[in-house]
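This report concerns only the one structure given below.
The values are calculated or read from the model by the stated rules, or taken from the named source; none is laboratory data. Computed from a predicted structure; not experimentally measured. Positions of Cβ are generated from backbone atoms using ideal geometry, with glycine treated the same way; all protein chains shown enter the neighbour counts. Heads up: the accessible areas ignore ligands, DNA and RNA and are worked out on the full protein's heavy atoms, side chains in. Shrake-Rupley method; radii C 1.70, N 1.55, O 1.52, S 1.80 Å.
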Amino acid sequence: MKITIFGTGYVGLVTGTCLADVGHDVLCMDVDADKIARLEEGEIPIFEPGLEPMVKDNVAAGRLRFTTDAAEAVAFGTLQFIAVGTPPDEDGSADLSYVLAVAETIGTHMTEHKVVVDKSTVPVGTADRVRKSVAAALEARGEALDFDVCSNPEFLKEGAAIQDFTQGARIVVGTESEQVKALMRECYAPYIRLHDKLMFMDVRAAELTKYAANAMLATKISFMNEIANLAERLGADVEQVRRGIGSDPRIGYQFIYPGCGYGGSCFPKDVQALARTAGEVDYPAELLTAVEAVNQRQKHTLYAKLAQAFDGDLAGKTIALWGLSFKPNTDDMRDAPSRALMEALWQAGAQVQAYDPEAMKECRRLYGERDDLLLAGDRIQAVKGADALVICTEWKEFRTIDFSWLKQQLAMPVIIDGRNLFEPEAVKAAGMLYYAVGRGDSLAAGNA
Ligand SMILES: NC(=O)c1ccc[n+]([C@@H]2O[C@H](COP(=O)([O-])OP(=O)(O)OC[C@H]3O[C@@H](n4cnc5c(N)ncnc54)[C@H](O)[C@@H]3O)[C@@H](O)[C@H]2O)c1
């Protein structure tokens, strides 16, 4: 099939590459000329495991191409995937300007039937707005061409995006048209050989499914963080509680790790956008509001614990920071807990010595050169001469360290661990202070 993808970010590039990999002819279009130029030279603008060789192979095979030419992109694909960003507006609702701009582009250039496939995460009712935008652009040209709009939300996780795209639990398609169903089945046929994962539903249900999935996962995380904060104050070890509840198949082990809050480009904005949608239909979505509030609070616990460890005086202190990305195996720092911590530390007059295996470039892009931010070459350099260590991301390489050696490096032998990587007894045996999330010994509760 001939397929056009608008947007070459985490979702668009993975979608386009995976679809090319199963034999489709794919043209990816982006308005970011620099990104397209880099992609054409074989440089992948994001870090996503396994993506680079796959892009190169499919470009070499002639099945994957890139362009900034909107007219060429619209002319190319029978399916026109919209995979552009839907960032939060100032009021928390989803900013649909990029999605609607693509819809207008399609209406401006199309000369034959097209199926517009909404892959971006968009509020219920967006397919109607996309339809109106395409129709308005056609009308402005005096054309009355036929087209369809369907919803095909994406459930991939950054860091495991290729596996999720190719072996995901389900492929949701919102449409009522039999012709669109047949085309989408043809598009995804290579992925449903084992069993039929295609779920057809109405457009509004498909749009809501995406938000419901992310809100549910975010709820599990905030719930566990709430329990962790309680455990801290009650002198219980949340890691034992986690195993105790995760073993119940009704609950499961996934997404119940306590930590320093969820981040990334999806959960924070999608929970907010769904709450906003609820407000628009006069429904007080109290649970969603609480999930978001608990997460906001959780992101600030690392700073609060540090401040308490240093008696409220962090001015002039140097804090080593392991992990900048919002989770391992990505360079994405959108809404990352590390950012809330760094910004609070700078506000308090502290210096940050940070290391992340993949997100250093992104950190420099976001914050530029500044005296209070040193980007260290590795995790060892990051702790040298620092006053304390904080862990924000559970990258594999942070999971073991010689605590006796670490104690010698830090002016104050304290680890604030936002991801519960170590056994408290092992850290304490080396003569260090260890404050994790919900592990009994609590700074937040004032009993350190
Ligand atoms: N990142 C994820 O893990 C993930 C997972 C599932 C769903 N989603 C959703 O998918 C959508 C895309 O997310 P992302 O993380 O890939 O975003 P991104 O910011 O990484 O990429 C978006 C791309 O769209 C491009 N773009 C903007 N306007 C354009 C236009 N008019 N024409 C062509 N390209 C244009 C931008 O230049 C950018 O390269 C969002 O709605 C997001 O919520 C993201």
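Details
- For the stretch 86-238, the relative contact order is 20 percent, taking Cα pairs closer than 8 Å that sit 6 or more residues apart in sequence and dividing their mean separation by the residue count.
- Percent of alpha-carbon pairs separated by more than 33 Å within the chain: 41 percent
- Going by accessible surface with a 1.4 Å probe and the largest first, L321, L100 read L100, L321.
- Taking label points 7 Å from Cα along the Cα-to-Cβ direction, D248 and L145 give a separation of 5.5 nm.
- Whole-number accessible area per residue in Å² for the chain, which is evaluated in the context of all protein chains at 1.4 Å: 43 Å²
- Förster radius 45 Å - calculated FRET efficiency between L287 and E369 (Cβ-Cβ, nearest 0.05): 0.60
- Packing rank of 41-53, 214-226, where each peptide gets the mean count of other beta carbons within 10 Å, highest leading: 214-226, 41-53
- Placing unit charges on the Cβ atoms only, positive for Lys and Arg and negative for Asp and Glu, gives the stretch 96-166 a dipole magnitude near 120 debye about its Cα centre.
- A Förster radius of 30 Å, combined with the Cβ-Cβ distance separating K396 from L198, puts the computed FRET efficiency at roughly 0.30.
- Leading residue at positive end of dipole, the chain (Cβ point charges), from A169, V84, I380: I380
- Taking the C-alpha atoms of the stretch 84-243, convex hull volume expressed per residue in Å³: 146 Å³
- Extension gain from D32 to A429, taking 0.36 nm per residue of separation minus the Cα-Cα distance: 137.7 nm
- Distance from the stretch 360-385 to the stretch 305-356 (C-alpha centre basis), Å: 11 Å
- Per-peptide average of other Cβ atoms within 10 Å, ordering 256-265, 197-206 highest first: 256-265, 197-206
- For the stretch 1-53, the equivalent ellipsoid derived from the alpha-carbon gyration tensor has semi-axes of 17, 13, 9 Å in decreasing order.
- Portion, in percent, of the accessible area of the chain that falls on carbon or sulfur, probe 1.4 Å: 50 percent
- FRET efficiency, L230 to R185 (Cβ-Cβ, R0 41 Å, nearest 0.05): 0.30
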